[in-house]
Structures are given as structure tokens and as C-alpha cells.
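Rule-based calculations on the coordinates, nothing more; no lab input. Here the structure is a predicted model, which means the values were calculated and not measured. Cβ coordinates were reconstructed from backbone atoms using ideal geometry, including for glycine residues, and neighbour counts include every protein chain displayed.
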Amino acid sequence: MRRYIFSFMCALLLLTLNSVAGAQTRSFTSQAVDYTLELPNATWRAVSRPDSVHQHTEFVYGDRADGLLRVRKEVVDANTALSALARRDQDMKLRFLPGYVEGKQESFAGRLPAITTSYEYTAGGKPMSGRVYYLQTDNRTIYALHFTGARDKLNRIRNQTDSIVRSFQLK
């Protein structure tokens, strides 16, 4: 009987440790930014990249080539559509990447009105992909959460990128 109780207690302990280890989300906030977000696991880390004018924070998944998130705030004309900003970014920035292939634009369900655009390109001869989430916080402010990484790796962590975007909120 004692052996069964001991086995049961060990199983219960392992189950508890497993559930705690699986729930290791970490909040990110900083005085330099006006948002917060949740990083889904310890593989994601914030990396500060200050320059002479701004304090930029990027988020890296292991290695920059595996996954990189940059957050950008855009102040736009009143009632600018998310799709219009996405099209402007594609025309002015993304289409100049080597091997650029435009992907599709989709709506995204989250706390804020949002769309996503995806694309592929090459960097150093390696297939890469990008996914940009455009979040509308008011009629003049849109946040772009821009993920890039190796094509196969970025596709594998899609559930994590979606989770980060859904956790995004203003302070």
C-alpha cells in the first residue's frame, strides 16, 4: 500500500512540475516603450539596441536567424486602413529584399483590430520568411509587429508569434 501511495505522490509531483514548466510566459515592459507583451517561453529574450536618438528593443528567438521581432509604432492619417499601411510597407520596403515573394494578407483575431501579411526572401543564400502583424490601437495609431527568421523555423513557431501578438497591449 505504501508503495502505491509513494508512486501516486511521485506521479502527482511530476505532473505539477510539468505544468509549471510549460507555463513560463514572461511579461515584457520598459519605460522606453508604451506597450507590454508576453514572451511565451525562455527561448525568447529582449535585446536592447540603443542609438543616438532612440532606445530600440528587439526580441530574439534563440538566434536572430531563427526568429526576430521588431515593434514599430506608426502615426498615420485619421482612419487609414490597416491594409493601406501594409501595402505601403510592401511597396516601399519589403519588395527590395533579395528574392522577395509576396505572400497573402489575412485578418487576425486578437484584442485589437489586426491583419497580417507574409512574405519570403533570401538572406545569404538561405530561405527566409517574414510575417508582419498590423494592430490598430486608435484611428491614428498602428503598431507593426514584424517577425523575420529562417523559413522553416519561423513557420514552426507560428503559434508563439500569434500568442505574442495577442498579448500585446498599451500601458
Ranked highest first by average number of other Cβ atoms within 10 Å, how do 94-107, 123-136 line up?
123-136, 94-107
Which of the aspartates and glutamates could a cross-linker span from K73 if the Cα-Cα distance has to be under 16 Å and same-chain partners fewer than 8 positions apart are dropped?
D34, E58, D89, D138
Order by protection proxy (mean Cβ within 10 Å, highest first), peptides 152-163, 69-80:
152-163, 69-80
